[in-house]
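Chemist: Here's a structure for you.
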Amino acid sequence: MQTNSPFESLGLDPALVRAVQGLGYEAPTPIQREAIPAVLASKDVVGTAQTGSGKTAAFLLPILQRLMKQPAGRTRALVLSPTRELAAQTESALRGLAKGTRIRGVAVYGGVGMAPQEHALRAGVDVVVATPGRLLDHMGRRNVDFRGVQVLVLDEADRMLDMGFLPDVRRIVDALPKERQTLLFSATMPPEIEALSRSIMRHPVRISVSPPHRPPAKIRHEVYPVPSHLKTSLLTTLLGREDMMSVLVFVRTKRRADRVARQVAQAGFPVARIHGDRSQSQRETALAGFRSGEHQVLVATDVAARGIDVLGISHVINYDVPGIPTDYIHRVGRTARAEAEGEAVTLVSPEEEPDLRGIEKALGRSIPRVTLPDFDYRAPPPPKPARHEAARHPRGPPRGRGWDRGRRPSPRR
Ligand code: AMP
């Protein structure tokens, strides 16, 4: 079949070309253009790539091509991901890309039952996408046989480092065949990751699609200076804007995520929230509602939001300024995915100015300050709730019927 797809000229099998066309990808992204031929040539690859660059397909497509030509029956590729969300998303990307093949994958992460994962692992599923901790549990129970693993992928390696997973990663790598292909992807390349790559890879090809420490170019950054006590009121004012169609709001802590989500709901916006204390099924429901557009707003903490893959996020709002510049870059990378346009808004209180300056330094430029002409920046802090009120509702007022399940009041276009 003549497809004339630019994916074909990368050397991909027609079944995979049809799959990417089915997903609506018209042309490979820069990381895909560079990584796919290198991975197909069995090279080790270190890719410095932002979230949203298309790196998942950049490693999955050539892996699929390699595996589809072989007999099934044993695990032949392992992808390590820092979070369960990313593992689940990578497995779902695999499902989409593997449509025309017989390759199957399983996502292996904590917070859900071991049994279905154990079953797939013992059956020798072709591709395992796993978070390190849960995978080590399965390895300890001898549920896995990795003797047939030919390809290892370390995805978002810098985040694994941030989360303290490198010792686990090393233990897993030690249990794999030495004769294998290793691919490592990371948004930034701190020295620890450089050292890891030197110790587990052979003459890797280096691919960098945009300079490290830079978010995708098509994001518009804006800073809104505001006193702390007016952040929620400024947030809800901004959410009322016509263009705020699908908004990811970042906060520093789980408790703040609960509080901000409650206040946003009280202001009438359909909102969901994800953070580390929510169960896997709660997170999945929240994400599904955000993806489908049922929830205009998703409030999230950094770790929980890692790996969120939602096309068409129009705005990322930093309710709190992240303390580390790379977190800012990861956060805002959630908008403008796959070369679309997006906007990153940061609410900054006077106490947070030093953190913001650190971010501007990392970006290599200052971010424009915006003040809203009609917003009352002088409004006093709200009175503290009377004692008996606070005692009656220690976590805020009752939630009524499903406060975070509301519908969008009117379609926003
Ligand atoms: P990733 O950086 O792998 O998380 O991918 C970001 C998003 O871009 C995902 O939603 C992919 O489905 C999408 N994507 C990946 N490759 C392409 C492509 N070549 N064209 C359009 N969208 C893509």
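The values are calculated or read from the model by the stated rules, or taken from the named source; none is laboratory data. None of the values given here were measured: they were computed from a predicted structure. Positions of Cβ are backbone-derived with ideal geometry, glycine not excepted, and every protein chain shown enters the neighbour counts. Please note that ligands, DNA and RNA were not included when accessible areas were found on the heavy atoms of the full protein model with its side chains. Shrake-Rupley method; radii C 1.70, N 1.55, O 1.52, S 1.80 Å.
Chemist: Pull up all non-local amide H partners of V348: gap of 5 or more, or a different chain, and H-to-H distance under 5 Å with H placed in the peptide plane.
Modeler: Those lying under 5 Å, H to H, from V348 are Y224, V226.
Chemist: Which whole-number value in Å² is the accessible area per residue of the chain, probe 1.4 Å?
Modeler: 46 Å²
Chemist: Kindly write out, for region 98-103 in residue order, the coupling ³J(HN,Hα) from the Karplus curve 6.51 cos²θ - 1.76 cosθ + 1.60 (θ = phi - 60°), rounded to whole Hz, with x marking Gly and Pro.
Modeler: Residue by residue, region 98-103 yields 8, 3, x, 10, 9, 6 Hz.
Chemist: Among the lysines, select those whose C-alpha is under 23 Å from the C-alpha of K254, and discard any that sit fewer than 8 residues away in the same chain.
Modeler: K231, K384
Chemist: Sticking with this structure for a sec: Calculated from DSSP H runs of 4 or more alone, at -39500 (n - 2.57) each and per residue, what is the 222 nm mean residue ellipticity of the chain, nearest 500? Don't jump to the answer; show the numbers that get you there.
Modeler: Values: 16 runs with 154 residues, N = 413.
Mean residue ellipticity, 222 nm, calculated: -11000 deg cm²/dmol.
Chemist: Another one. Which aspartates and glutamates, if any, have their Cα less than 14 Å from the Cα of K69, not counting same-chain residues under 8 positions apart?
Modeler: D13, D126
Chemist: Further question on the same structure: Give me the percent of the accessible area of the chain that comes from carbon and sulfur atoms, probe 1.4 Å, all protein chains in place. Intermediate results must be reported in sequence, preceding the final value.
Modeler: Working: 9790 of 18850 Å².
After summing per-atom areas, the C and S share lands at 52 percent.
Chemist: For the residue pair A267 and A175, what label-to-label distance in nm results when each label sits 7 Å from Cα along the Cα-to-beta-carbon direction?
Modeler: 4.7 nm
Chemist: For region 220-276, what relative contact order do you get, as a whole percent, if you take Cα pairs closer than 8 Å and at least 6 residues apart? Intermediate results must be reported in sequence, preceding the final value.
Modeler: Working: 22 pairs, mean separation 16.7, N = 57.
Dividing the mean separation by the residue count of region 220-276 yields 29 percent.
Chemist: Using 1/(1 + (r/R0)^6) with R0 = 60 angstrom and r between the beta carbons of H119 and Y377, what's the FRET efficiency to the nearest 0.05? Kindly include the intermediate steps, with their values, before the conclusion.
Modeler: Details: r = 58 Å, r/R0 = 0.97.
Approximately 0.55, to the nearest 0.05.
Chemist: Convert each backbone phi in region 174-189 into a coupling constant with the Karplus relation 6.51 cos²θ - 1.76 cosθ + 1.60 (shift: θ = phi - 60°), then list the ³J(HN,Hα) values in order as whole Hz, x for Gly and Pro.
Modeler: 4, 8, 9, x, 5, 7, 7, 9, 10, 10, 10, 10, 7, 6, 10, 10
Chemist: Convert each backbone phi in region 39-56 into a coupling constant with the Karplus relation 6.51 cos²θ - 1.76 cosθ + 1.60 (shift: θ = phi - 60°), then list the ³J(HN,Hα) values in order as whole Hz, x for Gly and Pro.
Modeler: Ordered by residue, 3J(HN,Hα) equals 5, 4, 7, 6, 7, 6, 9, 10, x, 9, 8, 6, 5, x, 7, x, 5, 4 Hz.
Chemist: Moving on. Ranked highest first by average number of other Cβ atoms within 10 Å, how do 199-208, 293-302, 116-125, 230-239 line up?
Modeler: Details: 199-208: 14.8, 293-302: 23.8, 116-125: 17.2, 230-239: 19.5.
Sorting 199-208, 293-302, 116-125, 230-239 by mean packing, highest first, produces 293-302, 230-239, 116-125, 199-208.
Chemist: Return a whole-number percent for the relative contact order of region 6-208, with Cα pairs under 8 Å and 6 or more residues apart as the contact set. Let's see the in-between values first.
Modeler: Working: 358 pairs, mean separation 56.1, N = 203.
That works out to 28 percent.
Chemist: Still on this model: Only Cα pairs under 8 Å and at least 6 apart count here; give the relative contact order of the chain as a rounded whole percent.
Modeler: 17 percent
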